[in-house]
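One structure is given here, and the rest of the page talks about it.
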Amino acid sequence: MSEQIPFQKEMRFAYGVASPVAPGVRRLVAPNPGPMTDHGTNTYIIGRGNVAVIDPGPESPDHLHALLDELAKTGERVTHILITHTHLDHCAGLPALKQATGALTAGFGSVGLRRTDTLGPGGRSFADGHFTPDIPLRDGEVLSGDDWEITALHTPGHAPDHLCFAYAPAQALFSGDHVMGWNTSVIAPPEGHMGAYLDSLHRLLDYDHTAYFPGHGGWINQPQRLVKAFIMHRRWRENEIIEALQTGAQSVPDITAQVYTGLPEHLERAAQLSVLAHLERLVETGRAETPGSISLEATFSLT
Ligand SMILES: [Zn+2]
């Protein structure tokens, strides 16, 4: 089924060069390629003159200087820094960019989760629990500068503080890590929440955006088609997990081994977290149960 997802993996870019991707939108790719980040984190510049930056990216002097050089060429100034979510590959570069520009920060802000204790699929902490935006953005709020305007959409699932930003001039959505064209999103509890993720996917179908600009990978055309495929993909995975439970698998490792056959060892933990996210949803919707709390060590059965 996963091969039926209409991925859009092509991307033309050069590191260190900000290039236009839509009217009023430039993209600069950070030099942090990897299995979780594709070519690297996309930093977007919106507007001209007094501009906003979406996602500063990782802590990288090269990336910061490329961004500042691009703006210095034309005497432009960053007035706002928008954060889609506080995973470090999106916002570790924030302090340096804020210091260099004095710009105001905007994002969802605290969600009350002890984020510093959270382990990512790589087994290490990958979220910044200390981000307090100058401008907290809630669902539906509009933020504008001299030459740009966005509407924040709260889209939890990949991360509880995840925002997408709708950008009307290009009928586009900055989709962060919620929807990407190169890969499925990581939904890893406790930060990731499958029920919220599916709700956030369904929500995007209410809009008629013609392009998504994701946090990693190239821009996405016909985005609703991709969103529907992601919903179908998760439904299919959920059914596989129900089948595994029906055949008597109870632990997360056993269910994962049954559902993901031939999985390379380095992807095992990520797959287990994804299975756990599905199990959490099955418990929340009353279709499965566990005697203890939801964790990788718990056992599950159908109700
Ligand atoms: Zn992320």
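The values are calculated or read from the model by the stated rules, or taken from the named source; none is laboratory data. Quick caveat, the model's predicted, so the values are computed rather than measured. All Cβ positions, glycine included, derive from the backbone under ideal geometry; neighbour counts span all protein chains shown. The accessibility values were calculated without ligands, DNA or RNA, using every heavy atom of the protein model including side chains. Shrake-Rupley method; radii C 1.70, N 1.55, O 1.52, S 1.80 Å.
Observations on the structure shown:
- Proximal lysines to LYS228, defined as alpha-carbon separation beneath 23 angstrom and excluding residues fewer than eight positions away on the same chain: LYS9
- Segment 44-108-segment 155-204 distance, computed between alpha-carbon centres (Å): 21
- A simple count of charges around ALA196, restricted to other residues whose Cβ falls under 11 Å of its Cβ and scoring Lys, Arg +1 and Asp, Glu -1, yields -2.
- Sulfur and carbon atoms: percent of accessible area, the chain [1.4 Å]: 51
- For the chain: accessible area per residue (Å², 1.4 Å): 43
- Beta bridge orientation in the chain: antiparallel %, DSSP, nearest 5: 65
- FRET efficiency for the pair GLN4 and GLN222, taken as 1/(1 + (r/R0)^6) with r the Cβ-Cβ distance and R0 = 22 Å, rounds to 0.90.
- Given their separation in residues at 0.36 nm each and the Cα-Cα distance between them, THR285 and ASP134 gain 50.7 nm when the chain is fully extended.
- Largest to smallest in accessible area, the residues VAL259, VAL111, VAL17 fall in the order VAL17, VAL111, VAL259 (1.4 Å probe, all protein chains included).
- Residue of GLN250, GLN224, GLN272 that the Gaussian network model of the chain assigns the largest fluctuation, springs spanning Cα pairs under 10 Å: GLN250
- Restricting segment 214-303 to trypsin sites (Lys or Arg not before Pro) that sit in a DSSP loop and have at most 11 other Cβ atoms within 10 Å of their own Cβ leaves nothing.
- Taking each residue as 0.36 nm, the span from LEU267 to ALA14 lengthens on full extension beyond its C-alpha to C-alpha distance by 88.2 nm.
- Exposure check, 1.4 Å probe, all protein chains in place: TRP236 carries approximately 80 Å² of accessible surface.
- As computed over segment 231-302, the Cα convex hull volume per residue (Å³): 80
- Residues whose placed amide H lies under 5 Å from that of HIS216, excluding near-sequence neighbours: ASN42
- GNM remark for the chain: springs join alpha carbons under 10 Å apart, and the peak mean-square fluctuation among ILE187, ILE242, ILE54 falls on ILE242.
- Magnitude of the charge dipole for the chain, about its Cα centre and with charges confined to Cβ atoms of Lys, Arg (+1) and Asp, Glu (-1), is about 380 debye.
- Listed by chain and number, the lysines whose alpha-carbon sits under 20 Å from that of LYS98, ignoring those within fewer than 8 places in the same chain, are LYS73.
- Stretch gain in nm, segment SER144-THR303, where the contour uses 0.36 nm per residue and the Cα spacing is subtracted: 52.3 nm
- Per-residue ellipticity at 222 nm, computed for the chain from helices alone with -39500 (n - 2.57) per DSSP H run of at least four residues, works out to -8500 deg cm²/dmol.
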